[in-house]
Amino acid sequence: MKLTESTSAPLIELCRSLRPDFQWGSASSAAQIEGAAALDGKGPSIWDRFCAEPGRINDASNIDVACDHYHRVDSDVALMQWLGLDAYRFSISWPRVQPLGEGAWNEAGFAFYDRLLDALLKAGIAPHATLYHWDLPAALHDSMGGWTSRDIVPRFADYAHEVARRFGSRLASIATLNEPWCVATLGYETAQFAPGLTSRATAAQVSHHLMMAHGAAVLAVRSACKTRLGVVLNHTPAFAAEALEADRRAARIDDGLNVRWYMDPIFRGSYPADILDYLGADAPQVSAEDLALIHQPLDFLGVNFYTRSFISTQQPPMAAPGKQGFTDMGWEIYPEALTQHLVRISREYSPPPIYITENGMANADKLVDGRVADVERIQYVNEHLKALARAVALGVDARGYFYWSLLDNFEWNSGYTKRFGLFHVDYATQERVAKDSALWYRDFITAFKSRRTLKAS
Ligand code: FCB
(Lines give C-alpha, C1' and ligand atoms only; values in the text may rest on other atoms or scores of the structure.)
Protein backbone atom coordinates (compact mmCIF):
# COMPACT_ATOMS: atom_id res chain seq x y z
CA MET A 1 0.00 0.00 0.00
CA LYS A 2 1.42 3.37 -0.99
CA LEU A 3 0.98 6.44 1.13
CA THR A 4 -0.82 8.30 -1.60
CA GLU A 5 -3.52 5.62 -1.82
CA SER A 6 -3.98 5.22 1.89
CA THR A 7 -5.34 7.27 4.73
CA SER A 8 -1.89 8.75 5.23
CA ALA A 9 -1.95 11.91 3.16
CA PRO A 10 -3.78 13.82 5.93
CA LEU A 11 -1.36 12.25 8.38
CA ILE A 12 1.69 13.67 6.61
CA GLU A 13 -0.05 17.03 6.58
CA LEU A 14 -0.72 16.83 10.33
CA CYS A 15 2.86 15.74 10.97
CA ARG A 16 3.99 19.22 9.99
CA SER A 17 3.58 19.96 13.69
CA LEU A 18 6.41 17.52 14.53
CA ARG A 19 10.03 18.55 14.82
CA PRO A 20 12.11 17.69 11.75
CA ASP A 21 14.35 15.58 13.98
CA PHE A 22 11.38 13.61 15.39
CA GLN A 23 12.56 10.01 15.89
CA TRP A 24 10.71 7.09 14.27
CA GLY A 25 11.39 3.81 15.98
CA SER A 26 10.20 0.43 17.05
CA ALA A 27 10.42 -1.31 20.41
CA SER A 28 11.00 -4.75 21.89
CA SER A 29 12.11 -6.33 25.14
CA ALA A 30 14.70 -8.98 26.03
CA ALA A 31 12.45 -11.65 27.53
CA GLN A 32 9.99 -11.42 24.65
CA ILE A 33 12.41 -11.93 21.76
CA GLU A 34 15.90 -13.06 22.74
CA GLY A 35 15.48 -16.74 23.57
CA ALA A 36 18.83 -18.32 24.57
CA ALA A 37 17.27 -18.58 28.00
CA ALA A 38 20.05 -20.66 29.55
CA LEU A 39 22.87 -19.99 27.11
CA ASP A 40 26.30 -18.45 27.66
CA GLY A 41 25.88 -18.13 31.42
CA LYS A 42 22.49 -16.38 31.56
CA GLY A 43 20.73 -16.92 34.89
CA PRO A 44 17.01 -17.74 35.10
CA SER A 45 14.55 -14.86 35.41
CA ILE A 46 11.21 -14.86 37.20
CA TRP A 47 9.60 -15.14 33.75
CA ASP A 48 11.55 -18.31 32.92
CA ARG A 49 10.17 -19.69 36.18
CA PHE A 50 6.63 -18.39 35.66
CA CYS A 51 6.43 -20.09 32.25
CA ALA A 52 7.30 -23.41 33.88
CA GLU A 53 4.36 -23.16 36.32
CA PRO A 54 1.28 -24.96 34.95
CA GLY A 55 -1.63 -22.72 33.98
CA ARG A 56 0.28 -19.42 33.99
CA ILE A 57 0.71 -18.94 30.22
CA ASN A 58 -2.36 -19.30 28.01
CA ASP A 59 -0.72 -21.49 25.38
CA ALA A 60 1.59 -23.21 27.91
CA SER A 61 4.59 -21.84 26.00
CA ASN A 62 7.91 -20.55 27.31
CA ILE A 63 10.70 -18.16 26.36
CA ASP A 64 13.49 -20.66 25.80
CA VAL A 65 13.69 -19.74 22.12
CA ALA A 66 11.13 -16.94 21.56
CA CYS A 67 12.20 -15.12 18.34
CA ASP A 68 15.76 -16.43 18.67
CA HIS A 69 16.90 -12.82 18.39
CA TYR A 70 20.03 -13.74 20.36
CA HIS A 71 21.29 -15.56 17.27
CA ARG A 72 19.75 -13.21 14.71
CA VAL A 73 20.94 -9.77 15.74
CA ASP A 74 22.44 -8.86 12.37
CA SER A 75 19.46 -9.91 10.27
CA ASP A 76 17.00 -8.30 12.72
CA VAL A 77 18.92 -5.02 12.62
CA ALA A 78 18.84 -5.30 8.81
CA LEU A 79 15.01 -5.38 9.06
CA MET A 80 15.10 -2.17 11.09
CA GLN A 81 17.38 -0.57 8.53
CA TRP A 82 15.07 -1.65 5.73
CA LEU A 83 12.21 0.07 7.60
CA GLY A 84 14.29 3.25 7.77
CA LEU A 85 14.10 3.46 11.56
CA ASP A 86 15.90 6.31 13.30
CA ALA A 87 15.81 4.55 16.65
CA TYR A 88 15.34 1.16 18.32
CA ARG A 89 14.19 0.58 21.88
CA PHE A 90 15.25 -2.70 23.50
CA SER A 91 15.83 -3.92 27.02
CA ILE A 92 18.82 -5.45 28.71
CA SER A 93 18.20 -8.72 30.50
CA TRP A 94 19.54 -8.28 34.02
CA PRO A 95 20.07 -12.06 34.57
CA ARG A 96 21.95 -12.29 31.25
CA VAL A 97 24.57 -9.80 32.41
CA GLN A 98 24.46 -10.60 36.14
CA PRO A 99 23.06 -14.13 36.56
CA LEU A 100 22.36 -13.86 40.30
CA GLY A 101 21.35 -10.18 40.31
CA GLU A 102 24.34 -9.45 42.56
CA GLY A 103 28.01 -10.34 42.48
CA ALA A 104 29.73 -11.58 39.33
CA TRP A 105 29.09 -10.06 35.89
CA ASN A 106 28.63 -12.32 32.89
CA GLU A 107 30.99 -11.18 30.14
CA ALA A 108 29.28 -13.33 27.49
CA GLY A 109 26.00 -11.59 28.31
CA PHE A 110 27.54 -8.14 27.92
CA ALA A 111 29.16 -9.31 24.66
CA PHE A 112 25.70 -9.94 23.21
CA TYR A 113 24.58 -6.34 23.86
CA ASP A 114 27.93 -5.11 22.60
CA ARG A 115 27.21 -6.85 19.28
CA LEU A 116 23.70 -5.41 19.19
CA LEU A 117 25.01 -1.87 19.80
CA ASP A 118 27.67 -2.25 17.13
CA ALA A 119 25.11 -3.45 14.59
CA LEU A 120 22.69 -0.62 15.41
CA LEU A 121 25.32 2.10 15.29
CA LYS A 122 26.71 0.74 12.03
CA ALA A 123 23.17 0.88 10.61
CA GLY A 124 22.74 4.49 11.79
CA ILE A 125 20.00 3.52 14.27
CA ALA A 126 20.02 5.19 17.70
CA PRO A 127 19.96 2.61 20.54
CA HIS A 128 17.58 3.29 23.44
CA ALA A 129 18.01 0.84 26.30
CA THR A 130 15.62 -0.04 29.11
CA LEU A 131 17.23 -1.53 32.20
CA TYR A 132 14.23 -3.38 33.59
CA HIS A 133 11.56 -4.85 31.36
CA TRP A 134 10.29 -7.40 33.88
CA ASP A 135 12.88 -10.20 33.79
CA LEU A 136 14.12 -10.06 37.37
CA PRO A 137 16.94 -12.52 38.19
CA ALA A 138 15.11 -15.41 39.87
CA ALA A 139 17.95 -15.64 42.39
CA LEU A 140 16.95 -12.24 43.83
CA HIS A 141 13.39 -13.44 44.23
CA ASP A 142 14.65 -16.47 46.15
CA SER A 143 17.15 -14.66 48.34
CA MET A 144 15.20 -11.53 49.29
CA GLY A 145 11.71 -11.74 47.82
CA GLY A 146 12.68 -9.65 44.79
CA TRP A 147 10.84 -6.33 44.62
CA THR A 148 9.10 -6.96 47.95
CA SER A 149 12.35 -6.06 49.73
CA ARG A 150 13.97 -2.63 50.02
CA ASP A 151 17.32 -4.39 49.73
CA ILE A 152 16.76 -4.69 46.01
CA VAL A 153 17.28 -0.94 45.57
CA PRO A 154 21.10 -0.94 45.88
CA ARG A 155 21.28 -4.14 43.78
CA PHE A 156 19.41 -2.44 40.94
CA ALA A 157 21.58 0.67 41.27
CA ASP A 158 24.76 -1.46 40.96
CA TYR A 159 23.42 -3.12 37.84
CA ALA A 160 22.39 0.25 36.37
CA HIS A 161 25.83 1.67 37.09
CA GLU A 162 27.61 -1.21 35.39
CA VAL A 163 25.48 -0.97 32.24
CA ALA A 164 26.01 2.80 32.11
CA ARG A 165 29.76 2.46 32.67
CA ARG A 166 30.14 -0.05 29.86
CA PHE A 167 27.61 1.21 27.32
CA GLY A 168 26.59 4.73 28.32
CA SER A 169 28.64 6.52 25.68
CA ARG A 170 27.06 4.42 22.90
CA LEU A 171 23.45 4.67 24.06
CA ALA A 172 21.09 7.43 22.92
CA SER A 173 19.13 7.02 26.15
CA ILE A 174 18.61 4.84 29.17
CA ALA A 175 15.21 4.22 30.75
CA THR A 176 15.33 2.81 34.26
CA LEU A 177 12.04 0.89 34.36
CA ASN A 178 9.38 -0.22 31.94
CA GLU A 179 5.82 0.12 33.26
CA PRO A 180 6.18 -0.17 37.03
CA TRP A 181 2.35 -0.31 37.26
CA CYS A 182 2.38 -3.65 35.39
CA VAL A 183 5.27 -4.99 37.47
CA ALA A 184 3.57 -4.20 40.79
CA THR A 185 -0.13 -4.67 40.04
CA LEU A 186 -0.09 -7.53 37.53
CA GLY A 187 2.86 -9.28 39.18
CA TYR A 188 2.01 -8.96 42.87
CA GLU A 189 -1.71 -8.21 43.13
CA THR A 190 -3.60 -9.91 40.28
CA ALA A 191 -1.08 -12.71 39.59
CA GLN A 192 -1.37 -12.34 35.81
CA PHE A 193 2.37 -11.74 35.53
CA ALA A 194 5.48 -13.11 37.24
CA PRO A 195 5.99 -13.76 40.07
CA GLY A 196 2.24 -14.35 40.33
CA LEU A 197 1.36 -13.11 43.83
CA THR A 198 -2.02 -11.85 45.03
CA SER A 199 -1.64 -9.21 47.73
CA ARG A 200 -2.61 -5.56 47.34
CA ALA A 201 -0.43 -4.52 50.27
CA THR A 202 2.59 -6.31 48.80
CA ALA A 203 1.94 -4.75 45.38
CA ALA A 204 1.82 -1.27 46.94
CA GLN A 205 5.10 -1.86 48.76
CA VAL A 206 6.63 -3.25 45.55
CA SER A 207 5.55 -0.14 43.64
CA HIS A 208 7.38 2.02 46.18
CA HIS A 209 10.54 -0.09 45.94
CA LEU A 210 10.37 0.22 42.15
CA MET A 211 10.16 3.99 42.49
CA MET A 212 13.13 4.00 44.87
CA ALA A 213 15.08 1.74 42.52
CA HIS A 214 14.32 4.19 39.73
CA GLY A 215 15.71 7.09 41.78
CA ALA A 216 18.79 5.15 42.87
CA ALA A 217 19.43 4.06 39.27
CA VAL A 218 19.18 7.66 38.07
CA LEU A 219 21.93 8.66 40.50
CA ALA A 220 24.04 5.63 39.59
CA VAL A 221 23.76 6.19 35.83
CA ARG A 222 24.47 9.92 36.15
CA SER A 223 27.67 9.12 38.04
CA ALA A 224 28.83 6.88 35.17
CA CYS A 225 27.86 8.60 31.91
CA LYS A 226 26.11 11.56 30.30
CA THR A 227 23.41 9.58 28.47
CA ARG A 228 19.87 10.96 28.47
CA LEU A 229 17.93 9.37 31.26
CA GLY A 230 14.25 8.71 31.86
CA VAL A 231 11.54 6.25 32.80
CA VAL A 232 8.79 4.51 30.84
CA LEU A 233 5.25 4.51 32.25
CA ASN A 234 2.13 2.87 30.86
CA HIS A 235 -0.74 5.29 30.82
CA THR A 236 -4.30 4.10 30.31
CA PRO A 237 -6.45 7.18 30.85
CA ALA A 238 -9.67 6.45 32.75
CA PHE A 239 -13.03 7.63 31.44
CA ALA A 240 -16.23 7.58 33.51
CA ALA A 241 -18.83 5.50 31.64
CA GLU A 242 -21.72 7.78 32.60
CA ALA A 243 -22.16 11.24 34.05
CA LEU A 244 -22.64 9.73 37.50
CA GLU A 245 -20.81 10.85 40.61
CA ALA A 246 -19.93 7.21 41.43
CA ASP A 247 -18.42 6.62 37.97
CA ARG A 248 -16.45 9.85 38.14
CA ARG A 249 -15.09 8.98 41.55
CA ALA A 250 -14.12 5.47 40.43
CA ALA A 251 -12.44 6.86 37.30
CA ARG A 252 -10.47 9.29 39.46
CA ILE A 253 -9.23 6.38 41.61
CA ASP A 254 -8.33 4.35 38.53
CA ASP A 255 -6.38 7.33 37.19
CA GLY A 256 -4.73 7.71 40.59
CA LEU A 257 -3.57 4.11 40.72
CA ASN A 258 -2.32 3.99 37.14
CA VAL A 259 -1.12 7.51 36.30
CA ARG A 260 -0.72 9.73 39.40
CA TRP A 261 0.74 7.03 41.67
CA TYR A 262 3.87 7.05 39.50
CA MET A 263 3.86 10.56 38.01
CA ASP A 264 3.45 12.32 41.37
CA PRO A 265 6.46 10.87 43.22
CA ILE A 266 8.69 11.15 40.13
CA PHE A 267 7.76 14.71 39.17
CA ARG A 268 6.44 16.16 42.45
CA GLY A 269 8.11 14.16 45.19
CA SER A 270 4.91 12.92 46.85
CA TYR A 271 2.28 10.21 46.51
CA PRO A 272 -1.30 11.31 45.73
CA ALA A 273 -3.22 11.79 49.01
CA ASP A 274 -6.49 10.30 47.70
CA ILE A 275 -4.73 7.07 46.73
CA LEU A 276 -2.91 6.82 50.06
CA ASP A 277 -6.37 7.13 51.64
CA TYR A 278 -7.84 4.61 49.25
CA LEU A 279 -5.09 2.07 50.05
CA GLY A 280 -5.51 2.65 53.79
CA ALA A 281 -3.64 -0.05 55.74
CA ASP A 282 -2.25 -1.40 52.44
CA ALA A 283 -0.37 1.85 51.70
CA PRO A 284 3.41 1.44 51.58
CA GLN A 285 5.92 2.51 54.24
CA VAL A 286 7.41 5.73 52.86
CA SER A 287 9.95 8.12 54.38
CA ALA A 288 10.85 11.68 53.37
CA GLU A 289 14.29 10.42 52.26
CA ASP A 290 12.64 7.84 50.02
CA LEU A 291 10.62 10.56 48.31
CA ALA A 292 13.69 12.73 47.83
CA LEU A 293 15.47 9.79 46.21
CA ILE A 294 12.58 9.20 43.78
CA HIS A 295 12.20 12.87 42.84
CA GLN A 296 15.16 13.30 40.44
CA PRO A 297 15.35 15.52 37.38
CA LEU A 298 14.90 13.47 34.19
CA ASP A 299 15.77 14.10 30.54
CA PHE A 300 12.71 12.41 29.07
CA LEU A 301 9.45 10.71 29.93
CA GLY A 302 8.46 7.58 28.01
CA VAL A 303 4.72 7.02 27.67
CA ASN A 304 3.32 3.67 26.53
CA PHE A 305 -0.19 4.16 25.21
CA TYR A 306 -2.54 1.48 23.89
CA THR A 307 -6.10 2.16 25.01
CA ARG A 308 -8.27 3.85 27.62
CA SER A 309 -10.11 2.33 30.56
CA PHE A 310 -13.84 2.75 30.70
CA ILE A 311 -15.07 2.86 34.27
CA SER A 312 -18.61 1.90 35.17
CA THR A 313 -19.98 1.31 38.68
CA GLN A 314 -23.37 0.10 37.48
CA GLN A 315 -24.46 -3.55 37.68
CA PRO A 316 -24.02 -4.99 35.15
CA PRO A 317 -21.22 -2.58 34.23
CA MET A 318 -21.65 -0.54 31.08
CA ALA A 319 -19.30 -1.83 28.38
CA ALA A 320 -16.94 0.42 26.45
CA PRO A 321 -18.67 1.51 23.23
CA GLY A 322 -15.72 0.55 21.02
CA LYS A 323 -16.96 2.59 18.05
CA GLN A 324 -13.50 2.25 16.49
CA GLY A 325 -13.28 -1.42 17.39
CA PHE A 326 -11.20 -3.54 19.74
CA THR A 327 -7.79 -5.11 19.20
CA ASP A 328 -7.07 -8.82 19.47
CA MET A 329 -6.18 -8.18 23.14
CA GLY A 330 -9.77 -6.97 23.61
CA TRP A 331 -8.44 -3.44 24.15
CA GLU A 332 -10.70 -0.64 22.93
CA ILE A 333 -9.29 1.47 20.10
CA TYR A 334 -9.62 5.06 21.26
CA PRO A 335 -6.85 7.25 19.78
CA GLU A 336 -8.33 10.60 20.83
CA ALA A 337 -7.45 9.73 24.43
CA LEU A 338 -3.79 10.01 23.42
CA THR A 339 -4.18 13.67 22.45
CA GLN A 340 -6.15 14.52 25.58
CA HIS A 341 -3.84 12.64 27.87
CA LEU A 342 -0.61 14.12 26.52
CA VAL A 343 -2.04 17.61 26.77
CA ARG A 344 -3.20 16.92 30.30
CA ILE A 345 0.07 15.52 31.66
CA SER A 346 2.03 18.30 29.96
CA ARG A 347 -0.09 20.89 31.73
CA GLU A 348 -0.22 19.15 35.10
CA TYR A 349 3.40 18.01 35.41
CA SER A 350 5.52 20.05 32.96
CA PRO A 351 7.46 16.86 32.22
CA PRO A 352 10.70 16.73 30.21
CA PRO A 353 10.35 15.87 26.47
CA ILE A 354 7.99 12.95 25.88
CA TYR A 355 8.60 9.88 23.75
CA ILE A 356 5.79 7.49 22.89
CA THR A 357 7.90 4.48 23.80
CA GLU A 358 5.16 1.97 22.90
CA ASN A 359 1.99 2.02 20.84
CA GLY A 360 0.62 -0.71 18.62
CA MET A 361 -1.96 -3.44 18.29
CA ALA A 362 -2.35 -7.17 18.43
CA ASN A 363 -4.28 -8.31 15.40
CA ALA A 364 -5.57 -11.67 14.19
CA ASP A 365 -3.06 -11.59 11.33
CA LYS A 366 -3.13 -14.20 8.62
CA LEU A 367 -0.15 -15.05 6.45
CA VAL A 368 -1.61 -15.84 3.03
CA ASP A 369 0.65 -16.47 0.05
CA GLY A 370 3.53 -14.76 1.77
CA ARG A 371 1.56 -11.65 2.66
CA VAL A 372 -0.13 -10.28 5.79
CA ALA A 373 -2.82 -7.74 4.84
CA ASP A 374 -3.14 -6.10 8.26
CA VAL A 375 -5.23 -3.07 7.31
CA GLU A 376 -6.46 -2.82 10.90
CA ARG A 377 -2.94 -2.18 12.16
CA ILE A 378 -2.27 0.44 9.47
CA GLN A 379 -5.47 2.19 10.49
CA TYR A 380 -4.56 1.96 14.19
CA VAL A 381 -1.11 3.48 13.72
CA ASN A 382 -2.39 6.09 11.31
CA GLU A 383 -5.01 7.29 13.82
CA HIS A 384 -2.61 7.27 16.76
CA LEU A 385 0.00 9.24 14.84
CA LYS A 386 -2.65 11.80 13.96
CA ALA A 387 -3.63 11.99 17.63
CA LEU A 388 0.02 12.46 18.54
CA ALA A 389 0.54 15.18 15.92
CA ARG A 390 -2.56 16.98 17.24
CA ALA A 391 -1.14 16.89 20.76
CA VAL A 392 2.10 18.41 19.48
CA ALA A 393 0.15 21.12 17.67
CA LEU A 394 -1.45 21.87 21.05
CA GLY A 395 1.95 22.41 22.63
CA VAL A 396 3.06 18.94 23.80
CA ASP A 397 6.81 18.44 23.46
CA ALA A 398 6.95 14.95 21.90
CA ARG A 399 10.19 13.87 20.26
CA GLY A 400 9.71 10.30 19.11
CA TYR A 401 7.40 7.35 18.47
CA PHE A 402 8.26 3.67 18.86
CA TYR A 403 5.88 1.13 17.35
CA TRP A 404 5.32 -1.93 19.57
CA SER A 405 6.68 -4.20 18.30
CA LEU A 406 9.25 -4.90 15.62
CA LEU A 407 8.50 -8.64 15.58
CA ASP A 408 5.61 -10.82 16.65
CA ASN A 409 6.81 -12.13 19.99
CA PHE A 410 6.04 -13.67 23.38
CA GLU A 411 3.16 -11.62 24.76
CA TRP A 412 3.62 -12.47 28.46
CA ASN A 413 0.73 -14.51 29.86
CA SER A 414 -0.85 -14.69 26.38
CA GLY A 415 2.19 -16.60 25.12
CA TYR A 416 2.54 -16.55 21.34
CA THR A 417 -1.19 -16.19 20.67
CA LYS A 418 -1.11 -12.40 20.19
CA ARG A 419 0.71 -10.81 17.28
CA PHE A 420 1.85 -7.20 17.63
CA GLY A 421 4.72 -7.19 15.12
CA LEU A 422 5.44 -5.21 11.99
CA PHE A 423 7.07 -8.48 10.93
CA HIS A 424 5.24 -11.78 11.07
CA VAL A 425 7.27 -14.52 12.74
CA ASP A 426 6.84 -18.19 11.90
CA TYR A 427 7.98 -19.68 15.21
CA ALA A 428 8.75 -23.09 13.66
CA THR A 429 11.21 -21.69 11.10
CA GLN A 430 11.93 -18.23 12.59
CA GLU A 431 11.16 -16.75 9.18
CA ARG A 432 10.24 -13.05 9.32
CA VAL A 433 7.80 -11.60 6.76
CA ALA A 434 7.11 -7.87 6.46
CA LYS A 435 3.39 -7.27 7.02
CA ASP A 436 1.59 -4.61 4.98
CA SER A 437 1.90 -2.38 8.07
CA ALA A 438 5.70 -2.64 7.82
CA LEU A 439 5.54 -1.48 4.20
CA TRP A 440 3.19 1.31 5.23
CA TYR A 441 5.41 2.43 8.14
CA ARG A 442 8.44 2.35 5.83
CA ASP A 443 6.67 4.52 3.23
CA PHE A 444 5.49 6.88 5.94
CA ILE A 445 9.01 7.29 7.38
CA THR A 446 10.37 7.90 3.87
CA ALA A 447 7.72 10.56 3.23
CA PHE A 448 8.45 12.23 6.58
CA LYS A 449 12.18 12.18 5.90
CA SER A 450 11.82 13.67 2.44
CA ARG A 451 10.09 16.60 4.11
CA ARG A 452 13.01 16.71 6.54
CA THR A 453 15.46 16.91 3.61
CA LEU A 454 13.35 19.55 1.86
CA LYS A 455 13.36 21.67 5.02
CA ALA A 456 17.11 21.37 5.38
CA SER A 457 17.85 22.42 1.76
C1 FCB B 1 3.26 -3.43 27.31
C2 FCB B 1 4.60 -4.07 27.54
C3 FCB B 1 5.18 -4.75 26.33
C4 FCB B 1 4.12 -5.44 25.50
C5 FCB B 1 2.95 -4.53 25.23
C6 FCB B 1 1.86 -5.15 24.40
O7 FCB B 1 2.55 -3.37 28.50
O8 FCB B 1 5.54 -3.11 27.96
O9 FCB B 1 6.20 -5.60 26.76
O10 FCB B 1 3.77 -6.63 26.07
O11 FCB B 1 2.40 -4.10 26.44
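When the charge dipole of the range 68-166 is built from unit charges on Cβ atoms (+1 for Lys and Arg, -1 for Asp and Glu) and taken about the Cα centre, the candidate among PRO127, ALA104, ILE92 whose Cα reaches farthest toward its positive end is PRO127.
Surface exposure of the range 91-240, expressed per residue as accessible area with a 1.4 Å probe, stands at 30 Å². Per the Debye calculation on the range 109-164 with a single equal scatterer at every Cα and no solvent contribution, log₁₀ I(q)/I(0) for q = 0.14 Å⁻¹ amounts to -0.50.
Note that the range 402-408 has calculated 3J(HN,Hα) couplings of 10, 6, 9, 9, 4, 10, 4 Hz, one per residue in order, obtained from phi through the Karplus relation 6.51 cos²θ - 1.76 cosθ + 1.60 (θ = phi - 60°); glycine and proline are x. Magnitude of the charge dipole for the chain, about its Cα centre and with charges confined to Cβ atoms of Lys, Arg (+1) and Asp, Glu (-1), is about 1480 debye. Quick check on the range 386-457: take the gyration tensor over C-alpha atoms, sort the square-rooted eigenvalues as a ≥ b ≥ c, and tell me if it's rounded (a/c under 1.5), prolate or oblate. It is oblate, given that a/c is not under 1.5 and a/b is not larger than b/c. Coupling constants for the range 13-27 follow from the phi torsions by the Karplus curve (6.51 cos²θ - 1.76 cosθ + 1.60, θ = phi - 60°), and in residue order they are 4, 5, 6, 4, 6, 7, 5, x, 8, 3, 9, 9, x, 8, 10 Hz; glycine and proline get x.
When the Cα gyration tensor is reduced to axis lengths a ≥ b ≥ c, the ratio a/c stays below 1.5 for the chain, which is therefore classed as rounded. For the range 1-87, the Kirkwood estimate of the hydrodynamic radius, built from every pair of different alpha carbons, is 16.3 Å.
List the DSSP H helices in the chain whose Cα atoms stretch 18 Å or more along the helix axis and whose mean Kyte-Doolittle hydropathy is at least 0.0. Walk me through the numbers before you get to the answer.
On the way: long enough: 107-122 (22 Å, 0.35); 152-167 (22 Å, -0.17); 200-222 (33 Å, 0.55); 336-349 (20 Å, -0.53); 375-393 (27 Å, 0.03); 436-456 (30 Å, -0.50).
Answer set is 107-122, 200-222, 375-393.
Each of GLN315, ALA292, TYR334 was placed along the dipole of the range 292-379 (beta-carbon charges, centred on the mean Cα), and the one lying farthest toward the positive end is GLN315. Seen from SER45, the other residues with C-beta closer than 10 Å to its C-beta sum to a net charge of +1, counting Lys and Arg as +1 and Asp and Glu as -1. The spacing between the range 179-229 and the range 319-368, judged by their C-alpha centroids, is 23 Å. Classify the range 325-428 as rounded, prolate or oblate from the Cα gyration tensor: take a ≥ b ≥ c as the square roots of its eigenvalues, call it rounded if a/c is under 1.5, otherwise prolate when a/b beats b/c and oblate if not. Prolate, since a/c reaches 1.5 and a/b exceeds b/c. Each peptide in 270-277, 96-103 gets a packing score, the mean of other Cβ atoms within 10 Å over its residues, and the list from highest to lowest is 96-103, 270-277. Computed over protein heavy atoms with a 1.4 Å probe, the accessible surface of the range 329-425 works out to 32 Å² per residue. Only helices enter this figure: runs of n ≥ 4 DSSP H residues, each worth -39500 (n - 2.57), summed and divided by the residues of the chain, yield -12000 deg cm²/dmol at 222 nm to the nearest 500.
In whole percent, and with a 1.4 Å probe on the protein chains, what portion of the accessible area of the chain is carbon and sulfur?
Working: 9120 of 17040 Å².
That fraction is 53 percent.
Of the residues LEU229, SER8, LEU279, the one whose Cα sits farthest towards the positive end of the charge dipole of the chain is SER8 (charges of +1 on Lys and Arg Cβ, -1 on Asp and Glu Cβ, taken about the Cα centre).
The values are calculated or read from the model by the stated rules, or taken from the named source; none is laboratory data. Since the structure is predicted, the reported quantities are computational estimates derived from the model, not experimental observations. Reconstructed Cβ throughout: ideal geometry from the backbone, glycine too, with neighbour counts over all protein chains shown. Heavy atoms of the whole protein, side chains included, go into the accessibility calculation; ligands, DNA and RNA do not. Shrake-Rupley method; radii C 1.70, N 1.55, O 1.52, S 1.80 Å.
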